[in-house]
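The values are calculated or read from the model by the stated rules, or taken from the named source; none is laboratory data. Keep in mind that what you see is a predicted model, and the values were worked out from it rather than measured. Backbone-built Cβ (ideal geometry, glycine too); neighbour counts: all protein chains shown. For the accessible areas, the whole protein counts, side chains as well, though only heavy atoms, and no ligand, DNA or RNA atoms are used. Shrake-Rupley method; radii C 1.70, N 1.55, O 1.52, S 1.80 Å.
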Amino acid sequence: MGKILHFFDVFINSIDIFVEGLWITLKLSVVSLLIAIVIGLFFAILKISNIKVLKWIADAYIWLVRGTPLVVQIFILFYGLTDILLIPMFWAGVAGLAFHSGAYIAEIIRGAIQSIDKGQAEAARSLGMTKGLSMRRIILPQAFRRAVPALGNQFIIGIKDSSLVSFIGMQELFGVASTMGSNTFDFLPYYITVAVYYLLIVLVLTFAVNKLEKRLAASD
Amino acid sequence: MNEKREMIRVEKLNKSFGDLHVLKDIDLEVKESDVVVLIGASGSGKSTLLRCLNFLEIKDNGTVILEGEKIEKETHNLNKVREKVGMVFQHFNLFPHKTVLGNVIEAPTQVKGVEKKKAIEEGKSLLDKVGLSDKYDVYPSKLSGGQKQRVAIARALAMKPDVMLFDEPTSALDPELVGEVLLTMKELAKEGMTMVVVTHEMGFAKEVADWVVYMHDGKIVEYGHPSEMFENPKEERTKAFLNSVL
């Protein structure tokens, strides 16, 4: 009983500092995921192109990301970007996360594009649309709708993965929990606290994705 | 006699998919306002021939001449060519993320740069023409098959094509919905639209076609006015086919 009360004590007394961490986690996640969508879209289109070299480039990127742990990618990008290019830590963290999620999002978008019935592109082409116009106006809007559940899932993974940038010293949620734990030698309550924060974020995001799915389904 | 303008001329057209020789030395001529109906068993090459006419399939060799101009993918912008040749598909292929009116105005505004207000006006009048004046803002998923196909016809007409191609436009429809689509096509023919139609609806061929083309195994076996073809086919193959479908 005392331990549970102690946890609530820790939770309530640390709200201020965790909210700061939460803010950084959200900024990191949102910015990196937006960039990851752009990266993903770019490599998805390379992957479905008819030009072999472009396909290979996309394959190589996806192979690199899948073949190495995220934490290794973050460290390489962190030391590469901050030591050599002198980029601020926040952006090094964003780069690491976006580079990673981008590969998975590329595969999600590629799959969604290829799942759109060929008749859609044919109808667009038969109306005189160029390949690019047909992709932009007809295929991609449908592909993105179809990809919403998988993208939502990837966003959840992305938010949780953002905890790994604490290893390069960023004081986002998990960084705050680790620091507080080490400072007080009272690790468990802080880690449980941080788990609660992640659960709440994921809860809200899941709710939002479900809403979006329902709304998109209504127009289908 | 007043000679009609030539819209499509196909000479010695060949097309293969891998080892499968789908079209063999096809010759075809379609004049302005003609309705040409392609009939034949599945796999006889009629859909492929139709798709070669708007370059959704690119011929291996031979010539396709549209309105007097020999079209080659090396020398012509095929997108521009396709603006002149409308197509209606068996499975409608409406854009599900756009409303009925959105489907119709998409190509005029995006491809031709028609002003949106004007495109909407023209789109609405096309939809009125195909009997869908109460469906402007509805999404395709809420329509019956026959309504979908009529939207698809309006969408193709919105580009003001010189020729309309129909690829089995009623084959995916429930029997009771076939009539409304055929009626729309008949009206279009009456207005003088040049049409090439792949269909299994022999009634439509008899009633509306100026020419009927019977294809078998990638070749044109027989070609004639519907009265001659249906009453008195010359080729044994044509007779056998007509006996099987009539």
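Restricting to region B:6-244, compute how many DSSP beta bridges are antiparallel as a %, nearest 5. If I count the DSSP bridges inside region B:6-244, around 55 percent turn out antiparallel. Computed on protein heavy atoms with a 1.4 Å probe, the accessible areas place A:Trp63, B:Trp211 in the order A:Trp63, B:Trp211, largest first. Across region B:134-142, computed HN-Hα scalar couplings (Karplus, 6.51 cos²θ - 1.76 cosθ + 1.60, θ = phi - 60°) run 9, 10, 3, 9, 8, 7, x, 4, 8 Hz from first to last residue, x flagging Gly and Pro.
The mean count of C-beta atoms from other chains within 10 Å of the C-beta of residues in A:112-121, rounded to a whole number, is 2. Would you list the membrane-span-like helices of chain A, meaning whole DSSP H runs whose alpha-carbon atoms span at least 27 Å along their axis and whose mean Kyte-Doolittle value is at least -0.5? Those that pass (Cα extent of 27 Å or more, hydropathy at least -0.5) are A:15-48, A:89-115, A:140-161, A:187-218. The peptide list A:119-129, A:207-217, B:196-206, put in order of mean Cβ contacts within 10 Å with the highest first, becomes A:119-129, B:196-206, A:207-217. With a 10 Å cut-off around each Cβ of B:31-42, the average count of Cβ atoms from other chains is 0. Put A:Thr184, B:Thr170 in order of accessible area, highest first, and with a 1.4 Å probe you get A:Thr184, B:Thr170. In this simple spin-label model, placing a label point 7 Å from the Cα along the Cα-to-Cβ direction at both B:Glu69 and A:Asp9 gives a separation of 8.5 nm. PRE reach from A:Ala217 (point 7 Å along Cα→Cβ): which of region A:95-127 fall under 18 Å by backbone N? Answer for region A:95-127: none.
Looking at the protein assembly as shown, the DSSP beta bridges with both ends there are about 55 percent antiparallel.
From helices alone, chain A scores -27500 deg cm²/dmol at 222 nm; the rule is -39500 (n - 2.57) for each run of n ≥ 4 DSSP H residues, then divide by the residue total. The distance linking region A:93-153 with region A:190-220 is 23 Å (Cα centroid to Cα centroid, whole angstrom). With a 1.4 Å probe rolled over the protein heavy atoms of all chains, the accessible area of A:Leu203, B:Leu56 falls in the order A:Leu203, B:Leu56, largest first.
Per residue of B:111-120, other chain Cβ atoms within 10 Å of the residue Cβ number 1 on average.
Here, region B:141-246 has an Rg and a Dmax of 14.8, 47 Å when only alpha carbons are counted.
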